[in-house]
Amino acid sequence: MIWPSVLAGMDAWTLSMVLAAGAFYASSLVATGGVLFRLALPWQPGRVGLRRSVVAAAWLALALLLLQWPLQAGFLGGSTLAAALDPMLLGVIFDSAQGTRMMLAASGLLLLHGVLIDSGRMRYLGFALSVTGVVLVLLAFTQVGHTTDEPRWLLAGLLLVHLAAVAFWVGALLPLYRMAGQAIPRQVVARVLVVFGQVASVTVGLLVAAAVGLSWLLLGGVAPLLETDYGQTLLLKILLVLLLLALAALNKWRLVPAFERGEPGADRRLRRSILGEGLLVLLILFVTALMTTTTSPNG
């Protein structure tokens, strides 16, 4: 197995880069996904809490984005603290595609604060700002990594579809978890859950289709899945995604109907399952960070 060699060869600096990247993925997807979830279900209860979560996640993502800058400079200069603070190396990173990514992501994360504008005619301005923020953050992910190879526009397009679907799912978990445990009329929460399940059915299809297309274009076949570090890490990610899909199916077909019927303990079981989804998502995002930081589809 190649997997142990990937982990064994990782030093503390690389591990820090992986952890920072994974945490950035999670916080930025929570922020952008919260906006998408709010747009898809504008009548949902708990909108104030959702807006606060979007803003908090956006600020965390900004902090992690800034942390990645010296980490990348330090890696470029031999994984030392002196290199991480070297103005020349910081400038090299900023002038590269990483700098473009940082500017796009930072601008988008700041524009997500438009969700706070939610009264009168100004809410349309808030809508425009927050949606623009989502687009910029998702575009930032296409500036670096393996999707910059040819055919670039096809790879970038598939990644954007994939990320938008993932963001919607990730951004929905926290508000759904809260609603299932709050003193909100059960029929209202059940309606949110049912509508989310209907929208998620479409987004999951897009997510899987885009992921298959990306994997095929990057790897060029099935053999690299077994023979390369990138392929084996991708296989682990696929297994985790299958577990996540199984848990989501359990929610849709068993736990949500039980909650809707008002069965005793259904709310607790549903919240535990949503929490399990969240933990699996975090694990998938950190495996993704490991895959994009330490491996390549070409080797």
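Being surrounded by 16 or more Cβ atoms within 10 Å (Cβ to Cβ), part of a helix (DSSP H, G or I), modelled with pLDDT of 90 or more and of a type in the set (Asp, Glu) is the requirement here; does residue 277 meet it?
Values: surrounded by 16 or more Cβ atoms within 10 Å (Cβ to Cβ): yes; part of a helix (DSSP H, G or I): yes; modelled with pLDDT of 90 or more: yes; of a type in the set (Asp, Glu): yes.
Taking the combined requirement at face value, the residue satisfies it.
Would it be correct to say that residue 70 is at pLDDT 95 or above and farther than 30 Å from residue 178 by Cβ? Quick ask: steps written out before the conclusion?
On the way: at pLDDT 95 or above: yes; farther than 30 Å from residue 178 by Cβ: yes.
Yes.
Residue under question is residue 203, and the condition is that it be under 15 Å from the mean Cα position of the chain (by Cα) and either modelled with pLDDT under 85 or under 20 Å from residue 25 (Cα atoms) (or both); does it hold?
On the way: under 15 Å from the mean Cα position of the chain (by Cα): yes; either modelled with pLDDT under 85 or under 20 Å from residue 25 (Cα atoms) (or both): yes.
Against the criterion (under 15 Å from the mean Cα position of the chain (by Cα) and either modelled with pLDDT under 85 or under 20 Å from residue 25 (Cα atoms) (or both)), residue 203 qualifies.
Can you tell me which residue within region 247-256, out of those that are closer than 16 Å to residue 205 by Cβ and out of contact with any helix residue (DSSP H, G or I) (no Cβ under 6 Å at 6 or more places or on another chain), is surrounded by the most Cβ atoms within 10 Å (Cβ to Cβ)? So that I can check it myself, show each step before the final result.
Just the residues of region 247-256 that are closer than 16 Å to residue 205 by Cβ, to begin with: 248-249, 252.
Filter once more, keeping what is out of contact with any helix residue (DSSP H, G or I) (no Cβ under 6 Å at 6 or more places or on another chain): 248-249.
Details: 248: 19, 249: 12.
Only one residue fits best here, namely 248.
Per-residue answers, yes or no, for (1) at pLDDT below 85; (2) over 21 Å from residue 106 (Cβ atoms); (3) assigned to a helix (DSSP H, G or I); (4) of a type in the set (D, E, K, R):
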residue	(1), (2), (3), (4)
143	yes, no, no, no
167	no, no, yes, no
172	no, yes, yes, no
192	no, yes, yes, no
214	yes, yes, yes, no
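The values are calculated or read from the model by the stated rules, or taken from the named source; none is laboratory data. What you are looking at is a predicted structure, and each value in this text was computed from that prediction instead of being measured. Counting neighbours? That spans all protein chains shown, and the Cβs are built from the backbone with ideal geometry, glycine included.
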